[in-house]
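Notes follow the structure.
The values are calculated or read from the model by the stated rules, or taken from the named source; none is laboratory data. Fair warning: this is a prediction, and the values are worked out from it, not measured in the lab. Virtual Cβ from ideal backbone geometry, glycine too; neighbours counted across all protein chains shown.
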Amino acid sequence: MNMQHKLQFSALFIGALVLAGCTSMGGEVEKDTSLTDQTEKLEKAGSNYTGPAYTIGVITLANKTPSKVIGIGEAATDILRTSLKQAGLEPIMLTEDELAQHDKMIELQQSGVVKMGKKDAAEGMDSIDFRVSGTITSYSELEEGSNLLVTSSKTQVARVGVDYALVDIASGRTLVAKSGQGEYHKTTRKVLGLGDSSSADTSLRDGALRDAMNKAVESMIKELSERPFQSRIILVDGDTVVFRGGTKSKLDTGDRLAVYRAGKDLVDPDTGRVLGKQESKIGEVKLASHQSDSVSQANVVSGSGFQRGDILKAIK
């Protein structure tokens, strides 16, 4: 092959590469995945979850990243809410003001400043079974690149750190309290510098958050799956009690539930932290029927003096 033919061949080869690059001015995405395949793990855990469709109160995650990454707390909360829904749970949003007012009422009632009256605030919020809170503690992005004759590629890796807790509203006990990380990477390829100039890529942030939140929800599902169904009495009528359950509870007619009365706070003597409440078994009831997808009726089997707010736990 003479020199002229070599030059023509090289020009055609480079021209083909340039045209290929022109089909994607921003660069072709080769990989856009979670490094831990956590989405698939959550889908498997969610499909295996056969427990009640508990209502989970979600509090906006606090942003305590050193650089105060804008919007990361809100984005994490939206992803968490979606993950909980996909797992078969019922998330609803709680504001910091609602939570603060509830905690303040508990404090006033326990100090005697405010009388409990018909309802003890420590029994929790009627429509919520558990609450989730958390903090985004760190966020970082790294970039690695390689350059060839006519192409260049870069791999971006995002990592996020998160603390989260799942709290039982009825007892005040913390069921899950963990720290975790999420990780996400994406590789892009460009030809002869035809890609757009770099700009903020929220898909990196959201990918890392989704990985972290899916891990958190998987941990919560595991805990809830191992616990017997529990709820609270919302009405007592003679020998009949009505409670939050319904078809979503996955209970069958004839199932028995133990009735517990919440007592004094259990306080850690070293830290002064409230670990939960003392519970005393006061009787049993048997499921008679489901009135809807969220309300059930049971008949008293043993015990007496049941009250609104008493705790029910399925007997396995």
Open item on the list: Being modelled with pLDDT under 85 and surrounded by 14 or more Cβ atoms within 10 Å (Cβ to Cβ) is the filter here; which residues of the range 89-107 pass it?
Closed with: 94, 99, 102, 105, 106
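Might you check whether a residue that is at positive phi and out of contact with any Cys (no Cβ under 7 Å at 6 or more places or on another chain) occurs anywhere in the range 304-312? Steps first, please.
Filtering the range 304-312 for residues at positive phi gives 305, 309.
With out of contact with any Cys (no Cβ under 7 Å at 6 or more places or on another chain) added as a condition, the list becomes 305, 309.
Yes: one or more hits.
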- [ ] Those residues that are under 20 Å from residue 129 (Cβ atoms) and charged (D, E, K, R), I need them from the range 282-312; list them, please.
- [x] 293, 308, 310
- [ ] Taking the residues in the range 50-71 that are hydrophobic (A, V, I, L, M, F, W, C) and surrounded by fewer than 22 Cβ atoms within 10 Å (Cβ to Cβ) as candidates, determine which candidate is nearest to the chain's Cα centre (by Cα).
- [x] 58
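Each row is one residue, and each column tells you yes or no for (1) in a loop (DSSP other than H, G, I, E, B); (2) buried (at least 17 other Cβ atoms within 10 Å of the Cβ).
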{"position": "266", "(1), (2)": "no, no"}
{"position": "269", "(1), (2)": "yes, no"}
{"position": "272", "(1), (2)": "yes, no"}
{"position": "280", "(1), (2)": "no, no"}
{"position": "296", "(1), (2)": "no, yes"}
{"position": "301", "(1), (2)": "no, no"}
{"position": "313", "(1), (2)": "no, yes"}
{"position": "316", "(1), (2)": "yes, no"}
